[in-house]
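Take a look at the structure set out below.
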Amino acid sequence: MIQIDRTRSPKDLLGKINNLFELSAARIQSLEESWNPSNGAPVFTVQGRYTARGWTEWTEGFQYGSALLQFDATGANEFLNLGRERTLTRMAPHLTHTGVHDHGFNNVSTYGALWRMVREGRIDVGDWELPFYELALKVSGAVQGSRWTPIPGGGFIHSFNGAHSLFVDTIRSLRALALAHMLGHRLVQEQDAQVNLLSRLLQHARATATYNVFDGRRGGPFDVRGRVAHESLFNAANGTYRGPSTQQGYSPFTTWTRGLAWAMLGFAEQLEFLATVSRDVLNNAGDTDPIPWMLDAARATCDFYVEKAACADGVPYWDTGAPGLHALDNWGERDSDPFNDREPVDSSAAAIAAQGLLRLGHFLNERGDDGTRYWQAGLRVVDTLFDSEGPYLSQDPSHQGLLLHSVYHWPNGWDYVPRGSRIPRGESSQWGDYHAREVALYLLRLAQDHTYLAFHGPSPANA
């Protein structure tokens with residue numbers, strides 16, 4: 001359980017945030033100088049050097065998106081130029097990739113970041129550039145929305161596993177549908193069938209809240225409020241639910257903590273976006289008031305993280321049911337230990353979860369509710385991760401990673417285990433590094449009273 005040991009504010013963390021971006025600049029430059037794109041996308045480090053892992057190319061957007069975050073935080077134009085050029089020359093295949101659920105990762109982190117910064121007045125562009133980013137985001141949202149499995153009362157965007165598979169991760173790819181909808185786009189299918197992308201966003205989010213997030217009211221020993229299933233399985237022929245599953249967690253009946261973190265952040269971001277959408281537009285999309293059920297899911301997942309998934313310092317082990325945790329006495333009441341010899345922690349889950357906690361806390365405070373607990377929990381997590389005296393922020397200039405002790409796919413044995421250890425440790429991932437930068441930028445803007453950081457940019461009326 002996260003121990004909120006003192007009251008923090010974003011300004012209290014400014015020194016650590018600035019230090020992170022100083023370290024980040026060299027990491028981005030090192031990867032750019034050494035990486036050969038013909039090898040695929042960089043995924044995670046092995047002995048401090050980024051390597052690829054062919055599963056899907058879901059991390060390339062984090063590579064170039066990190067450069068854009070670096071510019072956004074520091075104003076250093078070389079990172080804007082790098083992120084912009086690589087987006088224009090290398091990211092186009094991701095826009096029309098029909099085989100993955102990752103559009104919100106790859107395309108919103110690149111085209112979406114550039115579009116957002118134009119709308120915020122952060123960058124100047126030529127006459128062609130903003131319409132180009134908008135067209136890219138329309139295409140991405142429509143392609144993502146076309147990966148559709150109908151189920152009774154709705155449907156979901158299916159994962160790369162096939163039409164039967166609903167991943168909890170995909171909640172964050174809903175950003176692609178949100179932006180396409182904002183830009184006035186729709187999906188057109190067979191016989192000119194017109195598909196409302198906001199409707200698909202809402203249906204997918206509701207399916208995730210219903211089937212991937214447990215509410216504690218279904219019965220059974222594993223029905224614990226806020227616990228998540230990485231994957232939900234359906235009979236694709238008729239849409240009936242079959243049961244939970246997992247790809248990267250320990251079991252279908254335990255909680256893979258990065259999947260939990262994706263849910264926390266995904267629901268919190270969508271709450272912020274939907275608060276900008278008029279009731280008439282929501283009604284046309286088939287759900288006049290989605291805030292209550294989405295807020296229930298956001299609260300449940302964040303409560304589970306704070307109370308059951310995270311250690312006292314806010315960092316979780318990779319799965320709440322990992323078999324070696326029994327040997328780490330009272331692990332949830334102590335600070336995380338990445339150097340134990342039983343189970344790895346996952347700092348990337350912490351970086352993602354921190355932003356979810358912060359956004360939910362901010363959302364609640366803005367609507368007049370008390371979000372202090374979530375807000376302070378999120379700040380505690382960031383304080384832990386960015387501590388230059390702690391184990392998570394990489395200080396070694398020869399290490400290409402920024403956030404240490406990230407885990408990718410421990411059940412498959414893909415993570416590097418150093419000599420003398422039984423578990424992976426000391427390595428970084430593209431998503432962990434990216435989300436460390438993203439939550440740092442989020443807090444930097446708040447500390448400096450700048451524009452609130454949201455994927456949909458400055459909120460338009462009646463989105």
*asked:* of a type in the set (Gly, Ala, Ser), modelled with pLDDT of 95 or more and within 27 Å of Asp12 (Cα to Cα): is that true of Ser428 in this structure?
replied: yes
*Are any of the residues in the range 333-356 in contact with a Leu (Cβ under 6 Å, 6 or more places away or on another chain), at negative phi and free of Cβ contacts under 8 Å to residues at least 40 places away in the same chain?*
no
*Quick one: which of Ala440, Ala377 is touching a Lys or Arg at 6+ places or on another chain (Cβ under 9 Å) and of a type outside the set (Asp, Glu)?*
Ala440
*Counting only residues that are closer than 25 Å to Arg425 by Cβ and either assigned to a loop (DSSP other than H, G, I, E, B) or open to solvent by less than 10 Å² (accessible area, probe 1.4 Å) (or both), how many does the range 343-395 have?*
30
*Filtered residue count, the range 404-463, keeping only those that are in contact with a strand residue (DSSP E or B) (Cβ under 6 Å, 6 or more places away or on another chain), open to solvent by 10 Å² or more (accessible area, probe 1.4 Å) and among the acidic types (Asp, Glu)*: 1
*asked:* Can you go through Ala209, Ala236 and tell me which one is within 16 Å of Phe167 (Cβ to Cβ) and either β-branched (Val, Ile, Thr) or within 22 Å of the chain's Cα centre (by Cα) (or both)?
replied: Ala209
*Since Thr149 meets every condition but one in (1) under 19 Å from the mean Cα position of the chain (by Cα); (2) open to solvent by less than 10 Å² (accessible area, probe 1.4 Å), which condition does it not meet?*
(1)
*Taking interchain pairs and intrachain pairs at least six residues apart, which have beta carbon atoms under 9 angstrom, with the first residue in the range 267-292 and more than 17 Å from Arg172 (Cα to Cα) and the second assigned to a helix (DSSP H, G or I) and among the hydroxyl-bearing types (Ser, Thr, Tyr)?*
Asn284/Ser199; Ala285/Ser199; Gly286/Ser199; Asp287/Ser199
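Can you pull out the residues in the range 394-418 that are more than 23 Å from Asp383 (Cβ to Cβ) and over 22 Å from the mean Cα position of the chain (by Cα)?
Scanning the range 394-418 gives Pro397, Ser398, Gly413, Tyr416, Val417, Pro418.
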*Is there any pair linking a residue in the range 99-114 that is farther than 17 Å from Gly266 by Cα to one that is assigned to a loop (DSSP other than H, G, I, E, B) and polar (S, T, N, Q), with Cβ under 9 Å and at least six apart or on different chains, and which?*
Gly99/Thr56; Val100/Thr56; Val100/Ser159
_Which count do you get for residues in the range 243-252 that are open to solvent by 50 Å² or more (accessible area, probe 1.4 Å) and either in contact with a His (Cβ under 8 Å, 6 or more places away or on another chain) or at pLDDT below 95 (or both)?_
1
*If you scan the range 282-296, which residues turn out to be part of a helix (DSSP H, G or I) and more than 24 Å from Asp215 (Cα to Cα)?*
Leu282, Asn283, Asn284
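Among strands (runs of 3 or more DSSP E) lying entirely in the range 164-226, which contain 3 or more residues that are open to solvent by 50 Å² or more (accessible area, probe 1.4 Å) and of a type outside the set (Lys, Arg)? Give the steps one after another, and end with the answer.
Values: elements: 165-167, 187-189, 193-195.
So the answer is none; nothing clears 3.
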_So Gly216, is it at positive phi and within 24 Å of the chain's Cα centre (by Cα)_ = no
*Kindly list the number of the only condition in (1) on the phi > 0 side of the Ramachandran plot; (2) open to solvent by 50 Å² or more (accessible area, probe 1.4 Å) that fails for Gly40.*
(2)
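The values are calculated or read from the model by the stated rules, or taken from the named source; none is laboratory data. No experiment lies behind these values; they were computed from the predicted model shown. Methodologically, a virtual Cβ is constructed for each residue, glycine included, from the backbone with ideal geometry; neighbour enumeration extends over all protein chains shown. The area values use the complete protein model at the heavy-atom level, side chains included, leaving out ligands, DNA and RNA. Shrake-Rupley method; radii C 1.70, N 1.55, O 1.52, S 1.80 Å.
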